[in-house]
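**Q** Have a look at this one.
The values are calculated or read from the model by the stated rules, or taken from the named source; none is laboratory data. All values reported here derive from a predicted model rather than from experimental measurement. Cβ placement follows ideal geometry from the backbone for every residue including glycine, while neighbour counts extend to all protein chains displayed.
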Amino acid sequence: MKTKKSFYLALTLFSLAGQIAWVVENMYFNVFIYKMFHASPSEISLMVSASAVTATVTTLLIGALADKLGKRKIFICAGYILWGISILAFCLLRTDILGKLFPSVLSLSSLGVTLTVVLDCVMTFFGSSANDAAFNAWLTDSTDHSNRGKAEGINAMMPLLAILAVFGGFMGFDLNRENSWTLIFLIIGGVMILLGILGFFLIRDPKIQTEANQNYFKNILYGFRPSVIRAHKKLYLHLISFAIFGISIQIFMPYLILYYTETLHLDNYVLIMAPAVILAAIFTLIWGRVYDKIGFRRGIALPLLLLGVGYAVLIWFTHTVPVFLGSLLMMCGYLAGMAVFGAAIRDETPENRSGMFQGLRIVGQVLIPGLIGPVIGSAVLQNAATVVNDDGTTSFIPNENIFFAALAVATALSLWLLIQFRLGRKKN
């Protein structure tokens with residue numbers, strides 16, 4: 001019983017802390033370079049894409065290394081500590097500091113955007129090593145078919161709880177002030193470092209059977225071998241579907257906070273979104289358990305329906321109450337969909353090779369969505385309205401086109417899955 005309690009405690013703490021860091025990166029780094037350096041949609045898209053590539057390459061390399069060594073704990077703990085240190089480095093991205101370090105630079109805004117993208121990739125390297133590669137492999141190795149849906153339900157609801165924690169925590173900060181961002185980075189970086197230290201006492205390495213004389217470089221590309229693909233067709237179909245799902249999410253997610261604050265002028269969006277986040281988290285936890293009983297085919301239907309309806313409401317309505325309802329439905333569909341896809345992929349992942357397949361999972365979950373989704377989002381915002389800032393620069397105003405495009409991709413995913421299921425029935 002002690003082992004079970006320690007597992008769920010470690011799962012909760014490391015998943016939540018990791019997701020808080022990812023929420024700040026995925027939702028607030030965009031706000032950071034928008035407000036501090038007046039970034040354009042294309043610059044935001046570049047940052048998201050660069051981070052996605054970094055996450056994928058890192059997870060492939062570290063996942064295969066963790067499998068070869070048969071270790072998870074050291075990668076998780078050391079990775080979280082270095083992750084925290086890299087977050088602290090963002091405290092240096094202030095115009096007053098940059099002005100002193102680079103006095104001859106003509107545009108501090110352009111320099112700030114460039115350095116943010118570079119530091120984001122550094123942070124992503126450590127974060128993906130610790131979380132995407134090691135932590136997710138540890139979670140797969142530590143669960144089985146009897147409890148994977150439950151564990152994945154807990155893991156999948158953490159992004160919403162992280163959003164709630166970040167939204168609530170950010171309420172006391174004026175995000176137009178550099179000092180606020182410095183304090184934010186200090187707090188989050190410090191928490192990650194402390195958690196990494198705690199992990200040495202809390203996490204237990206699962207027993208992993210490693211093959212003698214494994215070729216590390218062959219392991220990196222293991223999941224891309226044609227023979228492996230043929231042997232695990234269902235896994236790769238899930239990954240393709242997950243990638244399409246992620247594209248839909250990444251079309252609007254980089255601009256969601258900006259849409260609430262700059263377009264709808266919902267300065268109290270935190271108070272509006274908090275109940276939606278809590279309800280969506282509860283729904284995700286329940287749906288993860290339902291998945292254990294009904295499987296992928298029936299388990300994915302409701303999340304996609306909720307996601308699509310949520311998009312439709314956000315497209316057509318801009319008042320507070322319908323925006324709350326649309327956001328609630330969208331978040332329920334998003335997180336429950338993440339739980340279903342995550343559990344289905346873990347179910348199909350070969351035993352003792354979970355580290356090698358984490359890189360493949362990141363290709364579907366991060367790389368493809370991160371490359372395609374933001375580009376679509378940037379494209380549909382090309383003719384968005386703009387405002388003139390105090391320093392004479394201009395900033396774009398996101399519009400409902402991001403939800404139109406996201407709905408189109410979600411509809412395409414539903415058709416893709418429907419074709420799969422019908423073909424599967426004919427074969428059976």
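**Q** Might you let me know whether the range 170-179 holds any residue that is farther than 28 Å from ASN268 by Cβ and at pLDDT below 90?
**A** Within the range 170-179, not a single residue is farther than 28 Å from ASN268 by Cβ and at pLDDT below 90.
**Q** Then there is this: Do we have any residue at all in the range 83-100 that's assigned to a loop (DSSP other than H, G, I, E, B), of a type outside the set (D, E, K, R), touching a Ser or Thr at 6+ places or on another chain (Cβ under 9 Å) and surrounded by 17 or more Cβ atoms within 10 Å (Cβ to Cβ)?
**A** yes
**Q** Still on this structure, please answer the following. Provide a single number: the residues in the range 121-168 that are under 19 Å from the mean Cα position of the chain (by Cα) and without any contact (Cβ under 8 Å) to a residue 60 or more places away in the chain.
**A** 2
**Q** How many of the residues making up the range 1-44 are assigned to a helix (DSSP H, G or I), more than 16 Å from the chain's Cα centre (by Cα) and of a type in the set (Gly, Ala, Ser)?
**A** Number satisfying all stated conditions: 3.
**Q** Another question, then. Within the bounds of the range 368-375, is there any residue that is in a helix (DSSP H, G or I), modelled with pLDDT of 85 or more and closer than 24 Å to LEU16 by Cβ?
**A** yes
**Q** Select from the range 169-182 the residues that are of a type outside the set (Gly, Ala, Ser) and either in contact (Cβ under 8 Å) with a residue 12 or more places away in the chain or assigned to a helix (DSSP H, G or I) (or both) and list them in ascending order.
**A** Correct list: PHE170, MET171, LEU175, ASN176, GLU178, ASN179, TRP181, THR182.
**Q** List every residue pair whose Cβ atoms lie under 7 Å apart, where the two residues are 6 or more positions apart in sequence or sit on different chains, the first residue falls within the range 325-348 and is more than 17 Å from THR411 (Cα to Cα), and the second residue, located anywhere, is of a type in the set (Lys, Arg).
**A** Partner pairs satisfying both residue conditions: ALA343/ARG148; ILE345/ARG361; ARG346/ARG148; ASP347/ARG148; GLU348/LYS234.
**Q** Continuing with this model, one more query. Within the range 136-168, how many residues are at pLDDT below 75 and hydroxyl-bearing (Ser, Thr, Tyr)?
**A** Count: 1.
**Q** Could I ask something else about it? Here are some residues: MET123, MET158. Which one is in contact with a helix residue (DSSP H, G or I) (Cβ under 6 Å, 6 or more places away or on another chain), closer than 26 Å to GLU43 by Cα and part of a helix (DSSP H, G or I)?
**A** Criteria check complete, one pass: MET123.
**Q** Return only the number of the condition from (1) of a type outside the set (Val, Ile, Thr); (2) within 21 Å of ALA55 (Cα to Cα); (3) surrounded by fewer than 21 Cβ atoms within 10 Å (Cβ to Cβ) that SER107 does not satisfy.
**A** It is condition (2) that SER107 fails.
**Q** Suppose we keep only residues that are modelled with pLDDT under 85 and among the aromatic types (Phe, Trp, Tyr) within the range 267-292. Which one would you say is surrounded by the most Cβ atoms within 10 Å (Cβ to Cβ)?
**A** Within the range 267-292, the match that is surrounded by the most Cβ atoms within 10 Å (Cβ to Cβ) is TYR291.
**Q** Filter the range 131-185 down to the residues that are surrounded by fewer than 20 Cβ atoms within 10 Å (Cβ to Cβ) and among the basic types (Lys, Arg) and list them by number.
**A** The answer is LYS150, ARG177.
**Q** Going by the conditions given, is GLY112 over 21 Å from the mean Cα position of the chain (by Cα), buried (at least 18 other Cβ atoms within 10 Å of the Cβ) and either hydrophobic (A, V, I, L, M, F, W, C) or part of a helix (DSSP H, G or I) (or both)?
**A** Spelling it out, GLY112 is indeed over 21 Å from the mean Cα position of the chain (by Cα), buried (at least 18 other Cβ atoms within 10 Å of the Cβ) and either hydrophobic (A, V, I, L, M, F, W, C) or part of a helix (DSSP H, G or I) (or both).
**Q** Please verify whether PHE200 is modelled with pLDDT of 90 or more, farther than 25 Å from ILE402 by Cα and either touching a helix residue (DSSP H, G or I) at 6+ places or on another chain (Cβ under 6 Å) or among the charged types (D, E, K, R) (or both), treating the condition exactly as stated.
**A** Yes: the conditions hold for PHE200.
**Q** Continuing with the same structure: Quick one: which of ILE76, ILE97 is touching a residue at least 60 places away in the same chain (Cβ under 8 Å) and at negative phi?
**A** After applying the criteria, what remains is ILE76.
**Q** To continue, here is another question. Out of all the residues in the range 50-60, is one or more in contact with a Phe, Trp or Tyr (Cβ under 8 Å, 6 or more places away or on another chain), in contact (Cβ under 8 Å) with a residue 12 or more places away in the chain, of a type in the set (Val, Ile, Thr) and part of a helix (DSSP H, G or I)?
**A** So far as the range 50-60 goes, yes, one or more of its residues are in contact with a Phe, Trp or Tyr (Cβ under 8 Å, 6 or more places away or on another chain), in contact (Cβ under 8 Å) with a residue 12 or more places away in the chain, of a type in the set (Val, Ile, Thr) and part of a helix (DSSP H, G or I).
**Q** Testing LEU106 on (1) more than 22 Å from the chain's Cα centre (by Cα); (2) within 20 Å of ARG346 (Cβ to Cβ); (3) not small (Gly, Ala, Ser), one condition comes back false. Which one is that?
**A** (2)
**Q** Would you pick out the residues in the range 247-264 that are more than 18 Å from LEU46 (Cβ to Cβ) and either assigned to a helix (DSSP H, G or I) or without any contact (Cβ under 8 Å) to a residue 12 or more places away in the chain (or both)?
**A** If the condition is that a residue be more than 18 Å from LEU46 (Cβ to Cβ) and either assigned to a helix (DSSP H, G or I) or without any contact (Cβ under 8 Å) to a residue 12 or more places away in the chain (or both), then SER248, ILE249, LEU256, ILE257, TYR259, TYR260, THR261, GLU262, THR263 are the ones that fit.
**Q** Looking at (1) more than 15 Å from PHE32 (Cβ to Cβ); (2) within 19 Å of the chain's Cα centre (by Cα); (3) buried (at least 24 other Cβ atoms within 10 Å of the Cβ), which one does THR54 not meet, given that it meets all the others?
**A** Going through the list (1) more than 15 Å from PHE32 (Cβ to Cβ); (2) within 19 Å of the chain's Cα centre (by Cα); (3) buried (at least 24 other Cβ atoms within 10 Å of the Cβ), THR54 breaks only (3).
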